[in-house]
Every structure is written in structure tokens, then in C-alpha cells.
1. Determine the dipole magnitude for the chain: charges of +1 sit on the beta-carbon of Lys and Arg, -1 on that of Asp and Glu, nothing else is charged, the reference point is the Cα centre, and the result goes in debye to the nearest 20.
2. Of the lysine pairs in the chain, how many meet both conditions: Cα atoms under 21 Å apart, and a spacing of 8 or more in sequence or different chains?
3. Counting other Cβ atoms within 10 Å, keep those with at most 16, restrict to DSSP loop, and tell me which GluC sites (Glu not before Pro) in the range 1-96 are left.
4. For the chain, what does the helix formula give at 222 nm: sum of -39500 (n - 2.57) over DSSP H segments with n ≥ 4, over the residue count, nearest 500 deg cm²/dmol?
5. Pull out the extension gain between Ala58 and Glu80, defined as 0.36 nm times the separation in residues minus the alpha carbon to alpha carbon distance; nm, one decimal.
6. Test of understanding: ordering Leu105, Leu131, Leu71, Leu142 by Cβ neighbours within 10 Å, fewest first, what list do you get?
Amino acid sequence: MAEIKRLGPDDVSLFRKMMRMFGEAFVEPGNYSAEGVSAAYQRERLGDPTFFALAALAKGKVVGGLCAYELLKFEQQRSEIYIYDLAVDARHRRKGIATALIDELRLIAQACGAWTIFVQADHGDDEAIALYTKLGTREDVLHFDIKP
């Protein structure tokens, strides 16, 4: 089983390895390239108390990762946590790593008093849909990207 580590400001190197793993897992290496992103910026993100980066490590190598944000609500004095990215290296899937990452995030959510954790999945991503269905309640919603 993999060790789950919450990354902090001193873990930029590990964070960059996790980003590379995301790029490979999502087949989007350009979106997860550390090129053009300073170590100072990444240190700042990793030090933000509303950003959570969790790395799954096997024999010191990043084999999975999760990045999430705490969203402070306005309508009630509570927060929600949004899983922005979750991936496991293809060679390490079906070993409980994604579930372990989410379980660790659940502990973080409890500690910060979050009301819920939510995540999106794309149609056709059957593995992710099965995982999230096993762990939570499914809502079918529409997602829109609005250009700034």
C-alpha cells in the first residue's frame, strides 16, 4: 500500500513530480508542466491553508495524487471541499490508492469542519464514476466553463 503524504511549502520537488504524474495520467503533459511556474508560486500554493495537495508514495515514488480546495460558503458558516484533481499512475491502479487519498482528505475535511467533499467526473470515465459512486451520493448536473 502507498503512504499518503500531505504536501507543504517545503515539498515543491515532490509536488512537481506529482504534477508530472497528473500530466501522464490525464494525457495532458502541457497542462501539468512546471515550466513557467516558479517554485515560489508553488510554495505559496502549498502553504495556503485552503489548498490540499496529497501525494501517494510507493518506495519513494509518486504513484498517485489529489489536489483539493476548501470553499468557504456565504449562506452558512461552513465550508465544502472540492476535489480538483485525483489520479493514480496506471501501473498502480486498483490497489486502493485513490480511496486512501480520499480517506485522508476526509480526515482533513473533518479537522477543518467542512460540510461535504465534492468532485466531478466526465462521462465515459467509468473507473472514476465507479469509485465516486462507491464513496458518495451521485448528482447528475451540468458543468459550464465561462470565459473571463
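1. Values: 19 positive and 22 negative charges, 114 e Å.
My answer is approximately 540 debye.
2. For the chain, the number of qualifying lysine pairs is 10.
3. Details: sites: Glu3, Glu24, Glu35, Glu44, Glu70, Glu75, Glu80; in loops: Glu35, Glu75.
Listed in order of number, the matching sites are Glu35, Glu75.
4. Numbers: 4 runs with 48 residues, N = 148.
Theoretical 222 nm ellipticity from helices: -10000 deg cm²/dmol.
5. Details: separation 22, 0.36 × 22 = 7.92 nm, distance 2.95 nm.
Length gained between Ala58 and Glu80: 5.0 nm.
6. Numbers: Leu105 23, Leu131 18, Leu71 14, Leu142 4.
Going from least to most buried by this count: Leu142, Leu71, Leu131, Leu105.
Taken together, the values in this text are just the output of simple stated rules run on the coordinates, not laboratory data. Worth saying up front: this structure is predicted, and the values here are computed from it rather than measured. Every residue, glycine as well, gets a Cβ built from its backbone with ideal geometry; the counts of neighbours run over all protein chains shown.
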